[in-house]
Amino acid sequence: MFFVYILQSLKSGRFYVGQTHDLNKRLEEHNSDQAGHTKKEQPWKILWQQQVNARADALALERKIKKRGAKRFLQDSSIIKPG
């Protein structure tokens, strides 16, 4: 099983889209001192997640969300309000 997820920075409000097989561990990594790209925007919280069966499915969904934009995807899904 894999997870596709969208995080939001509590510091800046920015979104981050990713995929992993261990969501809790990955969130800890994003919020750790060893985080790379996401370190300067810590802390992060999970806004949305979806479990899929295969990594190929996770990668395809991740690409779809990134192409649409995380904010638009969340608005389309009624997870956040437009605006």
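Details
- GLN19 being closer than 12 Å to VAL4 by Cβ, touching a helix residue (DSSP H, G or I) at 6+ places or on another chain (Cβ under 6 Å) and part of a strand (DSSP E or B): yes
- Cβ-Cβ distances below 9 Å connect the following pairs, each with a first residue in segment 5-18 that is touching a residue at least 60 places away in the same chain (Cβ under 8 Å), a second residue that is assigned to a strand (DSSP E or B), and a separation of six or more residues or different chains: ILE6/PHE15; ILE6/TYR16; ILE6/VAL17; ILE6/GLY18; ILE6/ILE46; ILE6/LEU47; ILE6/TRP48; ILE6/GLN49.
- Being among the β-branched types (Val, Ile, Thr), at pLDDT below 95 and either under 15 Å from LEU7 (Cα atoms) or part of a strand (DSSP E or B) (or both) holds for only one residue in ILE80, ILE46, ILE65, and it is ILE80.
- Lone unmet requirement of (1) surrounded by 15 or more Cβ atoms within 10 Å (Cβ to Cβ); (2) within 13 Å of the chain's Cα centre (by Cα); (3) at pLDDT 95 or above for GLY13: (1)
- Residues of segment 49-62 satisfying the condition of being of a type in the set (A, V, I, L, M) and assigned to a helix (DSSP H, G or I): ALA56, ALA58, LEU59, ALA60, LEU61
- Among the residues here, LYS45 does not qualify as surrounded by 15 or more Cβ atoms within 10 Å (Cβ to Cβ), in contact (Cβ under 8 Å) with a residue 24 or more places away in the chain and of a type in the set (D, E, K, R).
- Checklist (1) surrounded by 12 or more Cβ atoms within 10 Å (Cβ to Cβ); (2) at negative phi applied to ALA56, failing item: (1)
- Any hit, segment 75-82, residues being out of contact with any helix residue (DSSP H, G or I) (no Cβ under 9 Å at 6 or more places or on another chain), surrounded by 13 or more Cβ atoms within 10 Å (Cβ to Cβ) and under 19 Å from SER12 (Cβ atoms): yes
The values are calculated or read from the model by the stated rules, or taken from the named source; none is laboratory data. Just so we're clear, the structure is a prediction, and the values are computed from it rather than from any experiment. Note that each Cβ is placed from the backbone with ideal geometry, even for glycine, and that neighbours are counted across all protein chains shown.
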